[in-house]
Amino acid sequence: MNKPIRKAVLPVAGLGTRFLPATKAVPKEMLTVVDRPIIQYVVEEAKNAGIEHIVFVTGRNKYVIADHFDRAFELENTLQSRSKEEALDLLERIRPIAGSTSFTRQQAPLGLGHAIWCAREIIGNEPFAILLPDMIMKSEKGCLSQMVDVYNEHGGNVISVEAVPEDQTHKYGIVEVDGNPENHTFGITGMVEKPAPGTAPTNLYINGRYILQPDIFDLLEKQETGAGGEIQLTDAMLTLMGQQKFTGLRYEGATYDCGSKAGFLSANIAFALEDEKLAAELKPLLKELLN
Ligand code: G1P
């Protein structure tokens, strides 16, 4: 029996320089897609996959993320006195139960691998998920839920991947596979972080969702810096691959890279068009703009 995936790490320490000046005082994870901050889409994906505890790895100026997932006493009191039941219900629904979130600080921007390592004591000795909040997903069944199914069948470590145009592979972690990459799942035999153009082993990129065994923490502790002079999660996973099974899942759904302006804007349009009322107002406006 595989140990259940109960905890998830969300690294949210990044500075968001690509979105300045919007992100000068507001964390990039709090930028809004339609009516919810980016981070909330990711927390909901984790909850829907059965995650019971979320570890946020934060940095300076990120305290509004903790506020967002806390009770807002003054606001809720006022809503109550004005009988705004719908708004109160909404706030109640998005609030994690007390004790089901933890916050720890990365202290220095040493890379994704280092950010994940900062969560080691809170995760402890059990397999866990990682969700990179730059990526928000839109799919019938959530990306992490699809991965939990694969984990329940295969155990070990599970990585979600998608195809990317060849000229984009240098921006991501790219996997090497054993088996047919067109299949729903396959073995992963290698991976490289941000390969130089023309050197990527495949066009399958890691789209920001991972299920890993806790053995990754010891490897991260000793991990030397890699691509971009940072401690890379991809490099530690490559070492773990020598000892444990890694299964790739070809994620079925859409991914929006909210780390880029175009990705963030298309997420806004895609999620807005999902809302029937909003779509009816927005479609004619979009048509007009495009003409
Ligand atoms: C990180 C990972 C990379 C992955 C990417 C997905 O890179 O290191 O392997 O493909 O996220 O967004 P970053 O975007 O932090 O440079």
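Checked against the criterion of being touching a residue at least 24 places away in the same chain (Cβ under 8 Å), surrounded by fewer than 21 Cβ atoms within 10 Å (Cβ to Cβ), within 12 Å of the ligand (Cβ to nearest atom) and under 22 Å from the mean Cα position of the chain (by Cα), region 187-202 has at least one qualifying residue. The set of residues from region 2-30 being more than 24 Å from N157 (Cβ to Cβ) and assigned to a strand (DSSP E or B) is empty. So D70 ticks every box in (1) more than 16 Å from the ligand (Cβ to nearest atom); (2) surrounded by 16 or more Cβ atoms within 10 Å (Cβ to Cβ) but one. Which box is left unticked? Exception for D70: condition (2).
Answer yes or no as to whether T169 is in contact with a Ser or Thr (Cβ under 9 Å, 6 or more places away or on another chain), within 11 Å of the ligand (Cβ to nearest atom) and of a type in the set (S, T, N, Q). Steps first, answer last, please.
Working: in contact with a Ser or Thr (Cβ under 9 Å, 6 or more places away or on another chain): yes; within 11 Å of the ligand (Cβ to nearest atom): yes; of a type in the set (S, T, N, Q): yes.
Spelling it out, T169 is indeed in contact with a Ser or Thr (Cβ under 9 Å, 6 or more places away or on another chain), within 11 Å of the ligand (Cβ to nearest atom) and of a type in the set (S, T, N, Q).
Residues G59, G113: which one is at pLDDT below 95, open to solvent by less than 20 Å² (accessible area, probe 1.4 Å) and either within 18 Å of the chain's Cα centre (by Cα) or over 25 Å from Q232 (Cβ atoms) (or both)? Going through G59, G113 in turn, the sole match is G59.
Can you pull out every residue in region 100-134 that is within 12 Å of the ligand (Cβ to nearest atom) and either part of a loop (DSSP other than H, G, I, E, B) or touching a Cys at 6+ places or on another chain (Cβ under 7 Å) (or both)?
The first filter runs over region 100-134 and keeps only residues within 12 Å of the ligand (Cβ to nearest atom), leaving 109, 111-116, 130-134.
If the condition is that a residue be within 12 Å of the ligand (Cβ to nearest atom) and either part of a loop (DSSP other than H, G, I, E, B) or touching a Cys at 6+ places or on another chain (Cβ under 7 Å) (or both), then P109, G111, L132, P133, D134 are the ones that fit.
So, in region 123-133, of the ones that are crowded, with 16+ Cβ neighbours inside 10 Å and more than 16 Å from the chain's Cα centre (by Cα), which residue ends up nearest to Y210 (Cα to Cα)? Outline the logic, then answer.
Going through region 123-133, the residues crowded, with 16+ Cβ neighbours inside 10 Å turn out to be 123, 127-133.
Add one more test, that the residue is more than 16 Å from the chain's Cα centre (by Cα), and what stays is 123, 127.
Working: I123: 14, P127: 10 Å.
The residue in question is P127.
Annotation note: Cβ proximity below 8 Å between a residue of region 1-22 that is at positive phi and a residue that is part of a loop (DSSP other than H, G, I, E, B) and crowded, with 23+ Cβ neighbours inside 10 Å (sequence gap 6+ or interchain) occurs for G16/P27.
Number of residues in region 203-229 that are aromatic (F, W, Y), closer than 22 Å to I5 by Cα and either within 14 Å of the ligand (Cβ to nearest atom) or in contact with a strand residue (DSSP E or B) (Cβ under 7 Å, 6 or more places away or on another chain) (or both): the value is 1.
Which one is most open to solvent (accessible area, probe 1.4 Å) among residues in region 230-240 that are within 12 Å of the ligand (Cβ to nearest atom) and not aliphatic (A, V, I, L, M)? Steps first, answer last, please.
Our first condition is that a residue be within 12 Å of the ligand (Cβ to nearest atom); within region 230-240, this holds for 230-238.
Now drop any that are not not aliphatic (A, V, I, L, M), which leaves 230, 232, 234-235.
Values: E230: 75, Q232: 12, T234: 5, D235: 41 Å².
The qualifying residue most open to solvent (accessible area, probe 1.4 Å) is E230.
Filtered by the rule that a residue be in a helix (DSSP H, G or I) and surrounded by 19 or more Cβ atoms within 10 Å (Cβ to Cβ), region 241-291 gives F264, A267.
Selection of first residues in region 231-248 that are touching a residue at least 24 places away in the same chain (Cβ under 8 Å) and of second residues that are more than 10 Å from the ligand (Cβ to nearest atom) and among the aromatic types (F, W, Y), restricted to Cβ pairs under 6 Å at least 6 apart or on distinct chains, gives the following pairs, ordered by first then second residue: G248/F186.
The values are calculated or read from the model by the stated rules, or taken from the named source; none is laboratory data. The structure presented is a predicted model; accordingly, all values stated were derived computationally and were not measured. Heads up, the Cβs are rebuilt from the backbone with ideal geometry, glycines too, and the neighbour counts pull from every protein chain shown. Only protein heavy atoms, including side chains, enter the accessible area calculation; ligands, DNA and RNA are left aside. Shrake-Rupley method; radii C 1.70, N 1.55, O 1.52, S 1.80 Å.
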